[in-house]
Each structure stands twice: as C-alpha cells, then as structure tokens.
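Structure first, then comments.
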Amino acid sequence: MIGVSLYAVQKLLFQLNNDPSTRKRFSAERDALLAEYTLTDEERRALADADIGRLHLLGVHPLLLAPFAGRSGLKWPDYIAALARAR
C-alpha cells in the first residue's frame, strides 16, 4: 500500500502528463498548484526541481516520471542515468 503523499505525487504527475491546463499552472503558479496536494516538503522540492532521481527514490513509478522528465527538458539517456543513480 502506498502512502497518502506518494499517491498525491503520482496523481499530480498523472495530471501534469495528461492535462495541458495543469502543465500551464505548474509553469505559471507552481507553489499554488503544489499546495493543493498533500505532499511532504521533500516531495514538493523534488517536484519543483524536477529531481527525477529523488522522485524515483521516493517511490514514484517510472512510467509517470518519464513524460514529466521529458517535459522538464531531460533527454532519455539522462533520464535513464538519473534512475540508475537513484538505486
């Protein structure tokens, strides 16, 4: 069973991956958007910084991370490397 905050991180990533208006809010008013989710400070920082390795260590599923990483400017080889370093 996953924790409430991990569920919230994954729910937000799903929204970011599938909803253009959520992506727009993430760019324009990131802090306000993140405040709407039950997140730990560490999760909030990792999302704000697009810290893929940290998010992976926190338990976020790689299939949710991949599109987020790409939209955050991370190239595929760098995404794979971030996951590998996070082990």
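The values are calculated or read from the model by the stated rules, or taken from the named source; none is laboratory data. Quick caveat, the model's predicted, so the values are computed rather than measured. Ideal geometry is used to build each Cβ from the backbone, glycine not excepted, and the neighbour counts take in all protein chains shown. The protein model used for the area step is the full one, side chains on, heavy atoms only, and it has no ligands, DNA or RNA in it. Shrake-Rupley method; radii C 1.70, N 1.55, O 1.52, S 1.80 Å.
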Of 10-16, 50-56, 77-83, ordering from highest average Cβ density within 10 Å down gives 50-56, 10-16, 77-83
Restricting to Cα pairs under 8 Å and 6 or more apart, the percent relative contact order of the chain works out to 31 percent
Packing-ranked peptide list from 40-47, 25-32, highest mean Cβ count within 10 angstrom first, is 40-47, 25-32
Among the range 18-48, those whose backbone N falls under 15 Å of a label point 7 Å along Cα→Cβ from Val4 are 36-41
Whole-percent carbon and sulfur contribution to the accessible surface of the chain (1.4 Å, no ligands, DNA or RNA) stands at 55 percent
To the nearest Å², the heavy-atom accessible area per residue of the chain with 1.4 Å probe amounts to 61 Å²
